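Here the structure comes first, spelled out in structure tokens, and everything after it is commentary.
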Amino acid sequence: MSSGRLRETSASIDDFVQLHDGKANPVTPSEALNMFSASGLRSVYSVYSADGSLTLHCLECPQVSFPPLPLTSPSFSPFGVPTVDEWRDLWAAWDLVTLGMIPQEMLHQKPIDLRHKCLFYIGHIPTFLDMLMSKALKEPNTEPKNFTLIFERGIDPHVDDPEHCHGHSEVPEKDEEWPSLGSILAFRDRVRTRLLKLYSDLRNGSRKLNRHIARMLAMTHEHEGWHVETLLYMLIQRAGTGTLPPPGFAVPHWEALAEQWDAIAPPNTPTITIGPARVTLGHDDCEGDDFSSDVAEIIDGHAFGWDNESPARVVEVKQVKMEWRPVTNAEFFTFYKDRKEAGLPASWIEDEDGIKVRTVYGPVSMAIAQHWPVLTSYDALLAYATSKGGRLPTEPELRLFFDIYGVGHWGGANVGFRNWHPVPATTGPEEFGGRGSNGGIWEWTSTLFSNHEGLFPTDHFPGYSTDFFDGKHHVVLGASYATIPRLAERRTVRNFYQHNYPYAWVGARVVYDVLDV
């Protein structure tokens, strides 16, 4: 069992014994995963007995582990103010990725051309937190204040015209003009200390918590969660040629896992019919109301979100047939062999041994990753869907499918670093009523990311959503294996990427229209 942090938990040794003693009321696989992660443990590999009554789990105690979110109650929301423990779990993940997976020689390199060099992101995270704290608390920024000029905001240029980009920081042109890693980390530590002091002041009553400050804490926490994943999908492009594997995590036993994945039975039918139905998108969480006297101090039980998640709105979904599972690497490989103009997915790499699939541990063979969902652009997956006589789902259609058949982190989904790679999707089996997970990826929708009635643009982070109402970004739903539980579990979360952006961990499932009789 590898070294790491063991989290305090209410789980007892009897709970763990129950996992494999074959007695009545056996613990389900998802319950076991939740028990492990609540204790700071991780299942590396599991062996099942022939009759299914016994399971042997090989566990490790990794440096990063995210427990399941507490259950919601009328007076509590797991999407309220993040706790100090949540911050520490997130910092552990961020530090592991930035300091454990990026070698010194990569700090001034760009893993992908459309983003900044690695060092920028190490400085961006504490700078963003410090700036939003200063703004919300009406206090000066932490020294050195000129970090705001370099690290305030990153870039998301148009793929087809990189000169076209929203407002962003102007970064130094020469390596020697950048702040040193040591100065950035010292700044990071001062900002984290400042944040912990704010929590202390809120606890002892020297500063009063209101919805404005609470929203700032929720946004800065989730912003860092977003960037853990963003940085990883950049770094995976250099895995095996620069990027280091995650330290403190066992390298997967690929061949043994592939044998288990090959044995998973597919659903009895490839599609499921859903709808017609009414679906509620979003929730009521308007930032513009945060200073209203009737809600300003109401924090308990309130779920915060990003501006594009609000307000709640009801839409109609017509009857459609939807694939139980996203398109796999193997399925897309068959398509690619005949349609190379679709382009090699950025999640693949071709060498003298053929096409392989990228992981943070380095490329693995297609035979190992064939059942994983393929990760590629909207355009490529739309071409695949069209070749099958289908299309990609709208946001309401995919939301409806997830509402009925998704199980989430509590149900064993591959999110929150349960793995450092996708796994085969599990939705569809009759014994679970079709419920399961999509393997740990985001999924494309055909819905453009755009304005909607009642959206109140955030003042904490101006332009967060509105800068990308450009007709090029599509809404994506779901969560990847590197999405923190807080983002993965909130039903209203919407991510967004350009239709021809190939690097993000986004796949898709095919939808077929049901003709009216």
Solvent-accessible area, 1.4 Å probe, carbon plus sulfur percent, for segment 193-329 = 54
task = Might you work out the accessible area of LEU181 for me, using a 1.4 Å probe with all protein chains in place, and round it to the nearest 10 Å²?
result = 40
remark   = Heavy-atom accessible area of segment 79-151 with neighbours in place, 1.4 angstrom probe: carbon+sulfur share in percent works out to 55
ask   = Hey, any idea what Rg/Rh is for segment 84-237, computing Rh the Kirkwood way over Cα pairs?
value = 0.97
inquiry  = Sorting check: for 507-513, 172-178, which peptide has the highest mean count of neighbouring beta carbons within 10 Å, and how do the rest follow?
reply    = 507-513, 172-178
task = Using the Cα centre as the reference, give the magnitude of the dipole from point charges on the C-beta atoms of the chain (Lys, Arg: +1; Asp, Glu: -1; all else neutral), rounded to the nearest 20 debye.
result = 520
ask   = Using a simple spin-label model with points 7 Å from Cα along the Cα→Cβ vector, what separation in nm is obtained for TYR48 and ARG88?
value = 3.6
query = Using 1/(1 + (r/R0)^6) with R0 = 41 angstrom and r between the beta carbons of LYS208 and GLU259, what's the FRET efficiency to the nearest 0.05?
reply = 0.10
remark   = Full extension between ASP160 and LEU448 adds, at 0.36 nm per residue less the Cα distance, a length in nm of 101.9 nm
task = Along each of the three principal axes of the Cα atoms of segment 324-410, give the extent in whole Å, ordering the values from largest to smallest.
result = 43, 34, 17
Eligible aspartates and glutamates near LYS337 by straight Cα distance, threshold 20 Å, same-chain separation 8 or greater = GLU350, ASP351, GLU352, ASP353, ASP379
inquiry  = Can you give me the orientation-averaged projected area of the convex hull built on the Cα atoms of segment 250-377, in nm²?
reply    = 13.8
query = How many Å² of accessible area per residue for the chain, probe 1.4 Å?
reply = 43
request  = Might you work out the accessible area of PHE76 for me, using a 1.4 Å probe with all protein chains in place, and round it to the nearest 10 Å²?
outcome  = 80
key: Contour excess over end-to-end distance, with Cα ends at LYS340 and GLU31 and 0.36 nm allotted per residue   = 106.9 nm
inquiry  = Which order do you get for LEU196, LEU232 if you rank them by accessible area with a 1.4 Å probe, largest at the top?
reply    = LEU196, LEU232
query = What figure in square angstrom, to the nearest 10, would you give for the accessible area of TYR384 with a 1.4 Å probe?
reply = 20
note = Note, ASN146: beta-carbon cut-off 14 Å, +1 each Lys/Arg, -1 each Asp/Glu, net -4
task = Over 35 Å, how big is the tail of the calculated P(r) for the chain, in percent of all Cα pairs?
result = 34
inquiry  = If I take the Cα coordinates of segment 190-323 and project them onto the principal axes, what are the three extents in Å, biggest first?
reply    = 58, 48, 24
task = Give the cross-link partners of LYS321 among the aspartates and glutamates, using a straight C-alpha distance below 19 Å as the criterion and excluding same-chain residues fewer than 8 apart.
result = GLU331, GLU395, GLU397, ASP403, GLU430, GLU443, ASP513, ASP516
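The values are calculated or read from the model by the stated rules, or taken from the named source; none is laboratory data. If you're wondering where the values come from, they're calculated on a predicted model, not measured in any experiment. Every residue, glycine as well, gets a Cβ built from its backbone with ideal geometry; the counts of neighbours run over all protein chains shown. Accessible surface is based on the protein model in full, side chains and every heavy atom, while ligands, DNA and RNA are left aside. Shrake-Rupley method; radii C 1.70, N 1.55, O 1.52, S 1.80 Å.
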